[in-house]
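Values in this text are rule-based calculations from the coordinates and carry no lab data. Worth saying up front: this structure is predicted, and the values here are computed from it rather than measured. As a convention, Cβ positions derive from the backbone with ideal geometry for all residues, glycine included, and neighbour counts pool all protein chains shown.
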Amino acid sequence: MTDFEPKIVAFLCNWCAYAGADLAGVSRLQYPSSLRTIRVMCSGRIDPVFIVKALKGGCDGVMVGG
Amino acid sequence: MELVGRKAAYKPYAQAIPGAFAIDKRDTAPCRMACPANLNVQGYVQMVKQGKFREAIEIIMRDLPFPGTLGRVCPHACEKSCRRLEIDEPISIRELKRVAADHTDLNDIPVPQIIKKDEKVAIIGSGPAGLTAAYFLALEGYQVSVYEAMPEAGGMMRYGIPEHRLPRSVLDAEINNLKRYGIEIHTNTAIGKDLTIRDLQQHGAKAVFIGAGAWKGLRLHIQGDESKGVSDVTSFLREVHLGDLKELKGKAVIIGGGHSALDGARVALRLGADESHIVYRRSKAEMLAEPEEIEEAEKEGVKIHFLAAPVRVVNKNGKVTGIECIKTRLTEPDTSGRRKPIPIEGSEFTIEAEHIIPAIGQEPDLAFIGDQSGIEVSKWKLLVVNPETLQTNAPGIFAGGDVITGPATVIEAVDGGKRAAKYIAKYLRGEQLPQEWQDEPPMGTNWVEIRDDEPLKHRLKAPTLSLGKRHKSFAEVNLTADEKSAKEEAERCLNCGGCCECYECVKACKAKAVTLETHSQKTEDISINVGSVILAPGFEPFKPDNFATYQYTKFANVVTSMEYERLLSATGPNQGHLVRPSDKKEPKKIAWLQCIGSRDINQCDNAYCSSVCCMYAIKEAVISKEHADYDLDTAIFFMDMRTHGKDFEKYYERAKKEQGVRFIRCRIHTIDEDPENKDVSLRYADENGNIQVETFDMVVLSVGMEPASSAIDLAKRLDVELNEHNFINTSSLSPVSTSRKGIYVAGVLQGCKDIPQSVMEASAAACSAGVGLAPARGTLVKEKAFPQENDVQGQKPRVGVFVCNCGVNIGGIADVPAIAAYAKNLPDVVYVEDNLFTCSQDTQEKMVEVIKEHNLNRIVVAACTPRTHEPLFQETIRNAGLNPYLFEMSNIRNQCTWCHSDEKEKATEKAKDLVRMAVARVALLEPIPDLSVDVNKSALVIGAGVAGMTAAVSLADQGFPVTIVDKSSEPGGAAKDLSRSWGGEDIKGFVAELADRVRKHPGIDMILDAEVVNAFGFVGNFETEIRSKDITKTVKHGAVIIATGGQAAGTDEYLYGKNSNVTLWHELEKDPVKLKKADNIVFIQCVGSRDDQRPYCSRICCTSSVQQAISIKEDKPEANVFILYRDMRTFGEREILYKKAREKGVIFIRYTRENKPKVTEGAKGLVVEVFDPILQQNLLIKADMINLKTAIEPSENEHLASSYKLPLNEEKFFMEAHAKLRPVDFASDGIFLCGLAHYPKPVDESIEQALAAAGRAATVLSKASIQVSPLASRVDVEKCIGCGLCAEICSFGAIVLEEVEGKGKRAKNIPASCKGCGLCASSCPQKAIDMLHFRHAQIEAAISAVA
């Protein structure tokens, strides 16, 4: 399992979590490169179907930040 | 205290806007000013510090071509002016230059691109002056030929300076290097003999430079000076260097005290002389040679006879046998500072010698110019030149070096050559040369300050060759310092000039944002024609340096609150890891001391309260505790806890109860430091009067605010009145207007305040300026025009991908070419390029061309974040005729390379994925038309108190029609009960006048006895139903200002309502006769405030009671006035009133929430019982009158809030969009807030906030239409079943249910109100709602592209 590299989809709200992810970059905070971000205008936009699609499509995890 | 070292090129702080670097330029460093050749000393010393020796040499070679030579022989005037002399010893500048030169192969220095010119220049003499002139002229592109009489080039550097000081290998390398610049040197070519100056001119030399030096040694002119064995030092050294003189037998005596005397004496020893003497007529102190040089000579065996002058040469048969000298004494310094030697009679003595070598001076041998040249020669046998241009009286013939100055140093000759080269070039370009000396602008002394804690250190002493190895050897005596010592020595440089002008930043900046032009920017005066000025220059934190009590400068672990903010910050010196300064350990206990530089007239003159420190200290304590993953103890030492802002009291209570911040009521008088571990201990008296000593790891001084000194100067320049505390003088009734019409003020320069109030005040000042400028509104606006939009509907996607390197930010980590190559193979991608900076102006222009050329219809930029750069690229593609929504950014910097900088390959893979996701999504994006709504240019103001009326008048004065409504039958609101503002202004008169203006204003329609029944619409297009006296009418308007006010709450505490002598607020003044009779008056503060029911401070009550108390005392000084309070919150300059009340004898007794006063009614009247914490006992006060300061409550707002969908806080005050940054806005556009409906506040703040709300409303009303984001929801009416879930959950009223014929109710979206959150879309059970630009399919495309 040590070589396992998950692929995680992150749905991030443009106004908070996405801005936070940008700030993490500005602050040069290092974290694993497994995250693939999809920007939305509000976490309220996240239809549960999106989460199911992501998992069905082969993603190992889904994160919703908002 | 300096938390972290800042370089000359710096970014003010991580989040600074603009996020650009600044360069700190000071006056030229003194070392450079002292250098005759103006060498950039600071620059090359800094390069040595970093081990960049080649760069150091490049800097030196901007000013001269002989770094290695001067690194050995320069008399270094720079070191004599080094500011380190003020603290220890000067930098060994010359050694550093030499180290750099010894580590650099001149062939590694690139020759700059030279554009060749046709003109020829002849240089006579290849000494330092001639070769320097040749060097600079060659750099200018002229064809330079140097003519040298001697067999080798170098002049006095070769034939005057002995090899033990300047190895010939060094000199040869530097002279040979000049050939790379295209300089021809003709040796063995004596002008005057082989060729004449005229010949040179006839051979095409358009200009001639004479740098022939001073080669004729002066004679002693004493008896016997023509004996055999007498020569002169110039000839002596020349013969040695020519190889004609290899040995010296017997004893030698050198006469003189300069460098050449020492050179002569040391060379004589090396040639084998039995003894070598120097006779010098002054003392060691007057010797021109450096002390180290003298010391070395003496070590080698040179015997120096100070204070002795030659009298005659003793000879036998015409051959020297010795020299007779006489001892001298020195006179006191004369007016020129020189001490003259006077012979002492009878003190003659003889030194036996075979060789007498005078080294008493040289002069040029000018025979070569010939009698016919016409070049003017002075009586000192020097060439006469224009001092500025160095041109002789013969046009085109220039001269420099010893030939014009007499014998001088290499560096002075270099300066002559450089100066002449500059003017020769001008001459050759046909420019007019100045006739007179051109004065340089005066040099300033604005240098970097020398830090108090600058460590003291001895200067570098380079090693010397051991004495044994010097015997009969010309090996170099002074050896080069090692690299490490050189770097350490350079580290001592104080960097006096700020930026050292090494221009390494110019080389490093790939975006070419920093250039040599940037570096030469100067202060400019600019005139701007304006109709109004707003002053917002801010404050300076109080400097506690001179407070002996707090030991700020002495104790390492005492910091100011501003420094502490930086220590806590993620972008601070420790990246947000909280450690104390002395030993970088995590502090376990921290104390905050309040009121440093505030409420203090003993140690500073700031009698006022700074208003913000209590709150920030609590914030710092709370954040510190949250920050520490261990049990951090925090204690705040305070006098009165002033948390009077909106929701601040709740924060204070939470800090106490939930976070466990300790609050200790005490002003600290003594701070001690443990000398061992640097802990800080505080002595204080607790509330029971017991002395406590507590030790902390750190102490934070909560420093107050002062108007910035530069701001005070500015105000004075603008002739704007200041008050006694140097804040701008304003009235409570026009709080942002200065004494000068048209000049307004905002922020701390107006008085101490926090961020929300500053922001509010800024909008208020903008509004006030707007009133005056209303007629000119919009006249300077230029509309931007975009090209016709291409219709891409139905076209197959043609995606262009631009991958940005962002300098090294992306390209230095991820493999950008690989990402670009990968993008080429993605579906629909037809064009890919990578850019150094995709956002640069030239790339933007190119992008427009590329889009047109390749007919691209979808664009992806893989770069930074869309949050900052999307609008820029959207504008670019609009310029190329594409709809701005056919664009997608892929965030491969902020969310990729910056966060995975250690995993380059993984970062590249992630970037590829992100690009693939963006491409998948962009292919499905659709053009979205702009959405604009027309604006109804009128406003509705709800509430006709001071705030509402002020807002109404300001808007109407700007030409916007206003409807103002109030539920009562009289305008004026709560202010009707007030008599005076805290500043003393008459409020009754002001309110009456304001109401009169509202009634009479043609632009204002006032409806009284009115209430809002219902409201519809959105920004620019509201419709509000208003009912007044049973008539309901609909008002259409573009903006709303909520100013519904508030009032004092009632109470049943303290016998209010039961005894008529117990009054609320201004009821006290209703019966002046009764009040005048009263002998004992008691005020009770915080009645029904700051408790569980109303956990907020009403902000105005303390000042009100203090004001009333003063007024009673002024009327009847013998009356006893008591104010029973919990914390005295006379914030800002209201503190002066508090002080005045105490001076007048008002008695202040503090009580606690747990132990409130008790009021009883006895036979003799009212009695107040209160525990006095100072006397530590209960007091009984007989009270004739009691005044209760009850809480200020908002009006009933719930109906209004639900009509406009506005939020209320727990206490039913309206909630603004953002407590700090948008204090008068609501989250819904077009609706604004002011006055007591927002929070309790004094009348001046209500007026400010009303002006601010009007100013914000004017930003909406001034536009004919407003652009709103078109990213709105879209309802598919066919799929909709009218369940209404969407309308229910929409927070913005952007979806309503509407009757659709034949279908019943169906959802309808109102795009102008929609914020695009998409909650409706994801909640719709029918999937009947989709979000433009974030459609299901578009998001799903990105999801599918992930895996």
Exercise for review: Kindly express, to the nearest 10 degrees and within the range 0 to 90, the angle between helix B:128-139's C-alpha long axis and the longest C-alpha principal axis of chain B.
Suggested key: 50
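What FRET efficiency do you get for B:GLU1210 and B:GLU1069 if R0 is 35 Å and r is their Cβ-Cβ distance, rounded to the nearest 0.05?
Values: r = 33 Å, r/R0 = 0.94.
That pair, B:GLU1210 with B:GLU1069, gives E of 0.60.
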**Study point:** chain B: proportion of alpha-carbon pairs further apart than 51 angstrom, %
**Key:** 52
Check your understanding: How far, in degrees from 0 to 90, does helix B:987-1000 lean away from the longest principal axis of the Cα atoms of chain B, to the nearest 10?
Key -> 80
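What number does region A:8-64 give for Rg over Rh if you use C-alpha atoms and the Kirkwood radius?
On the way: Rg = 11.8 Å, Rh = 11.9 Å.
For region A:8-64, the value is 0.99.
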Exercise for review: Starting from the Cα-Cα distance between B:ARG662 and B:SER1203, subtract it from 0.36 nm times their residue separation and give me the gain in nm to one decimal.
Suggested key: 190.4 nm
Exercise for review: Would you work out which of B:ALA353, B:GLY337, B:HIS305 lies farthest towards the positive end of the dipole of region B:305-355, given +1 charges on the beta-carbon of Lys and Arg and -1 on that of Asp and Glu, about the Cα centre?
Suggested key: B:GLY337
Practice item. Let me know the charge dipole size of region A:8-64 about its Cα centre in debye, to the nearest 20, where only the beta-carbon of Lys, Arg (+1) and Asp, Glu (-1) is charged. Key: 100
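For region B:146-215, what is Rg from Cα atoms divided by 2.2 N^0.38 Å, rounded to two decimals?
Taking the Cα Rg and dividing by 2.2 N^0.38 Å, one obtains 1.21.
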Exercise for review: Go from 0 up to the bin containing the longest alpha carbon distance in region B:838-991, width 5 Å each, and give me the % of pairs per bin.
Suggested key: 2, 8, 11, 11, 10, 7, 5, 5, 6, 8, 8, 9, 7, 3, 1, 0
Review point. Pairs B:LYS1070/B:LYS1241; A:LYS53/B:LYS824; B:LYS216/B:LYS422; B:LYS824/B:LYS846; B:LYS646/B:LYS1033; B:LYS381/B:LYS426: which exceed 25 Å Cα-Cα?
Key: A:LYS53/B:LYS824; B:LYS216/B:LYS422; B:LYS646/B:LYS1033; B:LYS381/B:LYS426
Revision key, fill the gap. Averaged over residues of B:1312-1325, the number of beta carbons from other chains lying within 10 Å of each residue's Cβ is 4
Point to revise | Charge-dipole axis of region B:923-1036 as Lys and Arg at +1 and Asp and Glu at -1 on Cβ define it, positive-most pick from B:PHE1018, B:SER981, B:LEU940 | key: B:SER981
Check your understanding: So how tilted is helix B:613-627 from the main axis of chain B? Cα-based, degrees 0 to 90, rounded to 10.
Key -> 80
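Counting only DSSP beta bridges with both residues in the protein assembly as shown, tell me the antiparallel percent, nearest 5.
Values: 88 of 200 bridges.
Rounded to the nearest five, the antiparallel share is 45 percent.
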Practice item. Identify all lysines with a Cα-Cα distance to B:LYS179 below 18 Å; exclude those on the same chain that are fewer than 8 residues away in sequence. Key: B:LYS116, B:LYS117, B:LYS120, B:LYS418
Exercise for review: Enumerate the whole-percent occupancy of each 5 Å bin, from 0 to the last occupied one, for all C-alpha pair distances of region B:49-200.
Suggested key: 2, 9, 17, 19, 18, 14, 10, 6, 3, 2, 1, 0
Exercise for review: Can you tell me the equivalent ellipsoid semi-axes for region B:505-663? Use √(5λ) from the Cα gyration tensor, largest first, whole Å.
Suggested key: 36, 24, 18
Revision key, fill the gap. If B:LEU701, B:LEU1200 are placed from fewest to most neighbouring beta carbons inside 10 Å, the sequence is B:LEU1200, B:LEU701
Point to revise | Principal axis dimensions, largest first and in whole angstrom, of region B:321-383 by Cα | key: 51, 39, 14
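Classify region B:1078-1230: rounded, prolate or oblate, from the alpha-carbon gyration tensor (a ≥ b ≥ c, eigenvalue square roots; a/c under 1.5 rounded; otherwise prolate if a/b is larger than b/c)? Don't skip to the answer; put the middle values down first.
Numbers: a/c = 2.60, a/b = 2.02, b/c = 1.29.
Prolate, since a/c reaches 1.5 and a/b exceeds b/c.
For chain B, what is the calculated [θ] at 222 nm in deg cm²/dmol (nearest 500), taking -39500 (n - 2.57) for each run of four or more DSSP H residues and dividing by its residue count?
Working: 38 runs with 371 residues, N = 1347.
So the helix-based figure for chain B works out to -8000 deg cm²/dmol.
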Practice item. Could you give the size of the charge dipole of the protein assembly as shown about its Cα centre, using +1 on the Cβ of each K and R and -1 on the Cβ of each D and E, expressed in debye and rounded to the nearest 20? Key: 780
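Peptides B:140-152, B:1039-1051, B:243-255, B:216-228: what's the order by average Cβ count within 10 Å, highest mean first?
Numbers: B:140-152: 21.2, B:1039-1051: 24.4, B:243-255: 17.9, B:216-228: 15.9.
Sorting B:140-152, B:1039-1051, B:243-255, B:216-228 by mean packing, highest first, produces B:1039-1051, B:140-152, B:243-255, B:216-228.
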Check your understanding: List the aspartates and glutamates whose alpha-carbon lies under 12 Å from that of B:LYS1158, not counting same-chain residues fewer than 8 positions away?
Key -> B:GLU1053, B:GLU1169
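Any of B:LYS80/B:LYS457; B:LYS585/B:LYS656; B:LYS510/B:LYS784 with alpha carbons more than 19 Å apart? Name them for me.
Numbers: B:LYS80/B:LYS457 17 Å; B:LYS585/B:LYS656 26 Å; B:LYS510/B:LYS784 31 Å.
Violating the 19 Å Cα-Cα cut-off are B:LYS585/B:LYS656; B:LYS510/B:LYS784.
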Review point. Within 10 Å of each Cβ of B:886-895, how many other protein chain Cβ atoms are there on average?
Key: 3
Practice item. List, in the order given, every pair from B:LYS1029/B:LYS1308; B:LYS1144/B:LYS1182; B:LYS25/B:LYS543; B:LYS625/B:LYS753; B:LYS49/B:LYS904; B:LYS741/B:LYS782 whose Cα-Cα distance in the structure shown is over 23 Å. Key: B:LYS1029/B:LYS1308; B:LYS25/B:LYS543; B:LYS625/B:LYS753; B:LYS49/B:LYS904; B:LYS741/B:LYS782
Practice item. Return the sequence-ordered ³J(HN,Hα) values of region B:648-659 in whole Hz as given by the Karplus equation 6.51 cos²θ - 1.76 cosθ + 1.60 applied to θ = phi - 60°, using x for Gly and Pro. Key: 6, 4, 5, 5, 4, 5, 5, 4, 5, 8, 8, 8
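So, by mean Cβ neighbours within 10 angstrom, what's the order for B:708-714, B:730-736 with the highest one leading?
On the way: B:708-714: 15.0, B:730-736: 21.6.
By packing density, highest mean first, the sequence is B:730-736, B:708-714.
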Exercise for review: For region B:882-996, give the magnitude of the charge dipole about the Cα centre (Cβ charges: +1 Lys/Arg, -1 Asp/Glu; no others), in debye to the nearest 20.
Suggested key: 480
Point to revise | For peptides B:78-89, B:575-586, sequence by mean Cβ density within 10 Å, most packed first | key: B:78-89, B:575-586
Review point. In whole angstrom, how far apart do the alpha carbon centroids of region B:506-557 and region B:862-888 sit?
Key: 34
Revision key, fill the gap. Between B:LYS543 and B:ASN529, the two model label points (7 Å from Cα along the beta-carbon direction) sit apart by a distance in nm of 4.2
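Could I get the Rg over Rh figure for region B:1202-1347? Both from C-alpha atoms, Rh via Kirkwood, rounded to two places. Please report the intermediate quantities before stating the final value.
Values: Rg = 19.1 Å, Rh = 17.7 Å.
On the Cα set of region B:1202-1347, Rg over Rh gives 1.08.
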Point to revise | Shielding of B:905-915 by partner chains, average beta-carbon count, 10 Å | key: 2
Practice item. Let me know the shape class of region B:679-838, please: from the alpha-carbon gyration tensor, a ≥ b ≥ c as square roots of the eigenvalues, rounded when a/c is under 1.5, otherwise prolate if a/b is greater than b/c, or oblate. Key: oblate
Check your understanding: Which listed residue (B:GLY1145, A:VAL62, B:ILE323) has the Cα farthest towards the positive end of the charge dipole for the protein assembly as shown, taking +1 on Lys and Arg C-beta and -1 on Asp and Glu C-beta about the Cα centre?
Key -> A:VAL62
Check your understanding: Dividing the Cα radius of gyration by the Kirkwood radius, what Rg/Rh value follows for the protein assembly as shown?
Key -> 1.08
